[in-house]
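Structure first, then comments.
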Amino acid sequence: MSRASPAGRRLTFEIFRFNPQAEQPQPHMQRFEIEETPYMSLFIALNTIRETMDPSLQFDFACRSAICGSCGMMVNGKPSLGCRTLTADLPDLIRLQPLPVFKLIGDLSVDTGVWFREMAASSEAWIHAKQAFNPNAAEERMDDELAATLYESDRCIECGCCVAACGAARFAKDFKGPAGLNRIARFMMDPRDERDDSDWFDVFATEDGVFGCLGLMACHDICPKELPLLEVYAYLRRKALTTARKRD
Amino acid sequence: MHAIENTDVLVIGGGLAGERCAIEAAAAGHAVLILSLVPPRRSHSCAAQGGMQAALGNCVKADGDNPTTHYIDTVRGSDWGADQRVARLFAEQAPRAVRELAHMGVPWTRVRGGRNSYFIRGERVSIEESVDKQGLIMHRDFGGTAKWRACYAAAGTGHAALYAIDSEVLRLGITVRDRVEAMQLIHDGKRCIGAVVRCLRTGRFFSVLAKATVIATGGHGRIFGQYTTNATINEGMGAAIALNTGVVPLGNMEAVQFHPTALAPSGILITEGCRGDGGYLLNRELQRFMVDAEPQKQELASRDVVSRHMAVQMRDGHGVETPFGPHLWLDLRHLGSAHLRTKLREVYEICRDFVGIDPANELIPVRPTQHYSMGGIRVGADGQAYNLRGLFAAGEAACWDMHGFNRLGGNSLAETIVAGRIVGMRASEFASGHRHEADLDVGTDACQQAEQRAREWLQRSGSGPSVYDIRNAMAETMINHVGIFRHGDELAKAVDELRQQLHDCSVAVLRSKAPGMNPELTFALRLENMLRLALVTAMGALARTESRGAHSRTDYPLRDDERWLNRTLARWPTGNSMPELSYEPVGILDLPPGHRGYGDDARIPMQQTIDEYNGSVDALQIAAGRLDATNFNDSVSRSAT
Ligand SMILES: Cc1cc2nc3c(=O)[nH]c(=O)nc-3n(C[C@H](O)[C@H](O)[C@H](O)COP(=O)(O)OP(=O)(O)OC[C@H]3O[C@@H](n4cnc5c(N)ncnc54)[C@H](O)[C@@H]3O)c2cc1C
């Protein structure tokens, strides 16, 4: 399959507009029409619109290679990374809206950074090392299998797509969300972290944690990095049960 | 009234270098503030793929590796343009940097004891890894190295490293302000006391006053427009605000790295780890042209050398022609699907998502593309910028200068952590030894100046050119005349064109006067700065009448150690219409200039003896008032172990 779509299509974009810094900000949808070009991604399309039609249009891109997580947006109702969404895969009418849940900065730009920072701080998402770093010692050993497992969940790019797709996150403000729970699981699995299951219990086995999930699992289907979120939730539920039993 | 904030150490940049620096300063008890255009984890460090060099010597093909070999590879890679003492200091510290990251949680790929199957120089080989090494950090091969040395986490090494470092920043409770942009340094020509900052949420200006200021803003590949692997945010504003002080020089701006394998046409990087793991480069006739071109290193010669061979292939009609220009092929099919989906997972995904191909069955279209800025804010071994006390720089924004005229793959990630720590230590010492020399008026004046520039843009009206058209013109100038191969006539043309574009920029008109951050205004405020960096690059390249590393002049094809074993310093005195170039020795030579082991061996030898050259280094640096930097080398080496 080649992603160089047949040229010559005329695409219509309907884009959510809102500038909170304006004197009388009015949210509305605005239409733009552009010619499709081969390999056109939303990164290319949105920059074309900004540079040739409306230079006030706000959106976020940085790496444009699906690794920095800046460009989560609703594409025809589905949370997606703009940079790796190719217009060839979309119909002639493309509706773009900002991700819900996160604070809106303007147009398609939302504040995922602050949300993720608060989430990481609240679950202390860092290694709680057993001892201080010893610069003169060789590294602690780890099986490559385990390293690969840790890497698998470490790959989350905090784009916020799963949070935007999550039924629970839309209503429960403090719900840690799929990405948050994945991050917790990542540290729970890491033997370099000294916290044990019972330390973690109060962090994840709560209504804001894994029990806040409604079980719809839209997160798993839309994750742009294809993180195994189903497995993550299963792992956390299992841990919750075994830890609760031990505590009794 | 403008908001004014105070801190001890101000770190501009939340990538690996800035955050490692901040950790050091915070651990020393200082109040630290990190500024970043984007949430720190979205800094461009996250996009680094293939690996981080450190001579741990853990696998069979790394057996016997040590920092000295790493240092020698680095100097050869630099085509003798590096400061050798800095390169040595770096190589000695790199193992610590990798292990420190392991301690902070990076899931490095580990050695699997027993039989392992690899691709080496076109053949599948089976190697028995020692069970004694089981579980230690694994290495992969990279270009220009004598041993396998790159430590990696699949092809997401930068991501894993940045998340680990940023977690440590969180743990230490360091204040991070994202979506802000440092616009101007606050200084009096002798001492830097902070920066004027613009909020990219609201468009408002404020100042931060600090005892020590560190610039760690990454590279400036976007002066090549879209012809770069760099993120859109790599526009070089850190280097530019240093240049705009009028006193701080940028070093070796003409040293620009082209990476051989960026995806055509988007420019998205495909890591050197692909060739490290055994990938081939093919031309249109599906021949492995690198085997004849470089029988020893083949696809794994240094990047400057491979990029030149590729450019020649395409020039001579061996490229695959497309409406977007020619490209060559990267062949990974023989590595097999399992390898591609694990060890090179990010590459597999990029190919699938951006061009719709499966690299296990199909060839990847690639071509050389701007990738790395060896040049940057010239600093001494301790990270102090020249001529402005209290200002430091680290990471890709700096010219520290361990890369000279060509950086080896994997050396940059290692540099960010090694330099981040050393410069963090030094900035901390500086902050401890100095009071706030903050004069509130100076902060307010600088803030008003910056605000005035923004107001002028918004007020300018008429039919002037658009900022985006000027940017596109700059990109064409840079890629066409300041690219892989350079020639005096072309470079002179580049200088003329860039001067014209600078003029156009002074009459350009915004199409949007939207209140708030206004993306067009935000870009306009950067454009003149980008043009200044581009001009410094083109002028440095025009003046340097030799070929060294990535700087390749078809009218001066030889490396000239007699006249050009030096580093370009570019200052832009306030009020001047053009920058001024001067030169300093590369540093003490421990490793005499010689053949790199790949590429051309023809060169003009130096007439001086090594002792004569070395004897002149200190004298010249002392004459320029830079004794500090020379002495610091030894003190860092001592304290760093
Ligand atoms: C695609 C790609 C792959 C790479 N792969 C590798 C690899 O495998 N191995 C390797 O060794 N190297 C690799 N490199 C190079 C390496 O990733 C970079 O050189 C390195 O990460 C730079 O780190 P840094 O901290 O200096 O800058 P960056 O990570 O770029 O961070 C710069 C920071 O500065 C901030 N900033 C910039 N301007 C301002 C301003 N005016 N005000 C406030 N904040 C500002 C940004 O927001 C950001 O936080 C790769 C580079 C690219 C482009």
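The values are calculated or read from the model by the stated rules, or taken from the named source; none is laboratory data. Quick caveat: nothing in here was measured; it's all calculated off a predicted structure. Using ideal geometry, Cβ is built from the backbone for each residue, glycine included, and neighbour counts are taken over all protein chains shown. What goes into the accessible areas is simple: the full protein's heavy atoms, side chains included, and nothing from ligands, DNA or RNA. Shrake-Rupley method; radii C 1.70, N 1.55, O 1.52, S 1.80 Å.
Percent of C-alpha pairs per 5 Å bin in segment A:38-183, short distances first: 2, 9, 15, 18, 16, 12, 10, 8, 5, 3, 2, 0, 0.
Of the accessible area of segment A:10-97, computed with a 1.4 Å probe over protein heavy atoms only, carbon and sulfur atoms account for 47 percent. Taking chain A as a Gaussian network, Cα atoms linked when under 10 Å apart, which of A:PRO224, A:PRO178, A:PRO91 shows the biggest mean-square fluctuation? Looking only at A:PRO224, A:PRO178, A:PRO91, the largest GNM fluctuation is found for A:PRO91.
What FRET efficiency do you get for B:THR545 and B:ILE120 if R0 is 60 Å and r is their Cβ-Cβ distance, rounded to the nearest 0.05?
On the way: r = 40 Å, r/R0 = 0.66.
Result of the calculation: an efficiency of 0.90.
Computed from phi, the 3J(HN,Hα) profile of segment B:140-146 under the Karplus parametrisation 6.51, -1.76, 1.60 (θ = phi - 60°) reads 10, 6, 9, x, x, 10, 7 Hz, with x in place of Gly and Pro. In the neighborhood of B:ALA240, defined by Cβ-to-Cβ distances under 9 Å, what is the net charge if each Lys or Arg adds +1 and each Asp or Glu adds -1? In short, 0. Placing a pseudo-label 7 Å from each Cα along the Cα-to-Cβ vector at B:ALA146 and B:GLU612 gives an inter-label distance of 2.9 nm. Pairwise inverse Cα distances across segment A:170-248, averaged and inverted, put the Kirkwood hydrodynamic radius at 13.0 Å. For segment B:1-44, the relative contact order is 45 percent, taking Cα pairs closer than 8 Å that sit 6 or more residues apart in sequence and dividing their mean separation by the residue count. Counting Cβ atoms of other protein chains within 10 Å of each residue's Cβ and taking the mean over peptide B:351-358 gives 5.
Between B:LYS513 and B:ASN66, what length comes free when the chain is fully extended (0.36 nm per residue of separation minus the Cα-Cα distance, one decimal in nm)?
On the way: separation 447, 0.36 × 447 = 160.92 nm, distance 5.78 nm.
Separation in residues times 0.36 nm, less the Cα-Cα distance, equals 155.1 nm.
Taking a ≥ b ≥ c as the square roots of the eigenvalues of the Cα gyration tensor, an a/c ratio of 1.5 or more together with a/b no larger than b/c marks segment A:5-67 as oblate. Taking each of A:LYS173/A:LYS246; A:LYS78/A:LYS173; A:LYS103/A:LYS173 in turn, the alpha-carbon distance tops 19 angstrom for A:LYS173/A:LYS246; A:LYS78/A:LYS173. Counting Lys and Arg as +1 and Asp and Glu as -1 over every other residue whose Cβ lies under 12 Å from the Cβ of B:GLY325, the net charge comes to +1. Rounded, prolate or oblate: pick one for segment B:56-126, where a ≥ b ≥ c are the square roots of the eigenvalues of its C-alpha gyration tensor, a/c under 1.5 means rounded, and failing that, prolate if a/b is larger than b/c, else oblate. Judged from the Cα gyration tensor, segment B:56-126 comes out oblate (a/c at least 1.5, b/c at or above a/b). Rounded to the nearest 100, the interface formed by chains B and A buries 6000 square angstrom of accessible surface, both chains summed, with a 1.4 Å probe.
For B:ALA398, the residues whose modelled amide H falls within less than 5 Å of its own, excluding neighbours fewer than 5 places apart on the same chain, are B:ILE377. Residue by residue, segment B:36-44 carries 3J(HN,Hα) couplings of 8, 5, 9, x, x, 5, 9, 4, 5 Hz when phi is fed to the Karplus relation 6.51 cos²θ - 1.76 cosθ + 1.60 (θ = phi - 60°); x denotes Gly or Pro. The dipole here belongs to segment A:112-247: it is taken about the Cα centre, uses +1 on the Cβ of Lys and Arg and -1 on the Cβ of Asp and Glu, and is about 420 debye.
Fully extending the segment from A:VAL114 to A:HIS28, taken as 0.36 nm per residue of separation minus the present Cα-Cα distance, adds 28.4 nm. Using C-alpha pairs below 8 Å separated by at least 6 residues, the relative contact order for chain B is 20 percent. With Cα atoms as the point set, the radius of gyration and Dmax of segment B:19-80 evaluate to 17.1, 45 Å. The fraction of accessible area contributed by carbon and sulfur in segment B:334-401 is 50 percent, rounded to a whole number (1.4 Å probe; ligands and nucleic acids excluded). Dipole magnitude for segment B:126-222: computed about the Cα centre from +1 point charges on Lys and Arg Cβ and -1 point charges on Asp and Glu Cβ, it is near 660 debye. Using a/c under 1.5 as the rounded threshold, could you call segment A:112-247 rounded, prolate or oblate? The axes a ≥ b ≥ c are square roots of the C-alpha gyration tensor eigenvalues, and prolate needs a/b larger than b/c, oblate otherwise. Prolate shape, in that a/c is at least 1.5 and a/b is the bigger ratio. Ranking A:HIS128, A:VAL110, A:GLN30 by Cα position along the charge dipole of chain A, where only Lys, Arg, Asp and Glu carry charges on their C-beta atoms, puts A:GLN30 farthest toward the positive end. In this simple spin-label approximation, A:ASP92 and B:SER130 carry label points 7 Å from Cα along the Cα→Cβ vector, and these lie 6.8 nm apart. Each eigenvalue of the Cα gyration tensor of chain A, multiplied by 5 and square-rooted, gives one semi-axis; in descending order these are 39, 20, 17 Å. Pairs of Cα atoms nearer than 8 Å and 6+ residues apart set the relative contact order; for segment A:10-97 it is 34 percent. Separation of segment A:128-191 and segment B:54-110, taken as the distance between their Cα centroids, equals 28 angstrom.
Using DSSP to call loops (not H, G, I, E or B), can you name the GluC sites (Glu not before Pro) in segment A:13-82 whose Cβ has at most 11 other Cβ atoms within 10 angstrom? Can you show the working numbers first?
Values: sites: A:GLU14, A:GLU23, A:GLU33, A:GLU35, A:GLU36, A:GLU51; in loops: A:GLU23, A:GLU36.
Passing both the DSSP loop test and the Cβ count: A:GLU23.
When peptides B:596-608, B:511-523, B:531-543 are sorted by average Cβ neighbour count within 10 Å, with the highest value leading, the order is B:531-543, B:511-523, B:596-608.
Across the options A:CYS68, A:GLN97, A:LEU86, the greatest Cα extent toward the positive end of the charge dipole of segment A:10-97 (unit charges at beta carbon of Lys, Arg, Asp, Glu) belongs to A:CYS68.
When DSSP assigns beta bridges and you keep just the ones with both residues in the protein assembly as shown, what percent turn out antiparallel, to the nearest 5?
Details: 69 of 100 bridges.
Looking only at bridges with both residues in the protein assembly as shown, the antiparallel portion is about 70 percent.
Other residues with beta-carbon under 13 Å from the beta-carbon of B:LEU502 carry, at +1 per Lys or Arg and -1 per Asp or Glu, a net charge of -1. Candidates B:ALA385, B:SER577, B:LEU335 compared by Cα position along the dipole of chain B: farthest toward the positive end lies B:LEU335, with charges placed on Cβ. Taking amide H atoms as placed 1.01 Å from N in the peptide plane, the amide H of B:LEU269 lies under 5 Å from those of B:LEU263, each 5 or more residues away in sequence or on another chain. Principal axis analysis of the Cα atoms in the protein assembly as shown yields extents of 80, 71, 62 Å, listed in decreasing size. Residue by residue along A:37-44, Cβ atoms of other protein chains within 10 Å of the local Cβ number 2 on average.
May I ask you to compute the full-extension gain from A:GLU207 to A:ALA244, defined as 0.36 nm times their residue separation minus their alpha-carbon distance, rounded to one decimal in nm?
Numbers: separation 37, 0.36 × 37 = 13.32 nm, distance 1.48 nm.
Taking 0.36 nm per residue and subtracting the Cα distance, the gain is 11.8 nm.
Compare the peptides A:239-245, B:420-426, B:481-487, A:183-189 by average per-residue count of other Cβ atoms within 10 angstrom and give them in order, highest first. Walk me through the numbers before you get to the answer.
Numbers: A:239-245: 14.3, B:420-426: 26.9, B:481-487: 20.3, A:183-189: 22.1.
Highest mean packing first, the order is B:420-426, A:183-189, B:481-487, A:239-245.
Given +1 at the Cβ of Lys and Arg, -1 at the Cβ of Asp and Glu and no other charges, the dipole of segment A:10-97 around its Cα centre is 220 debye to the nearest 20. Once the Cα atoms are used to define both axes, helix B:303-315 deviates from the longest principal axis of chain B by about 80 degrees.
A simple spin-label model places pseudo-atoms 7 Å from Cα toward Cβ; at A:THR12 and B:GLU429 they are separated by 6.7 nm.
Legend: mean number of C-beta atoms from other chains within 10 angstrom of residue C-beta atoms, peptide B:505-511, equals 1.
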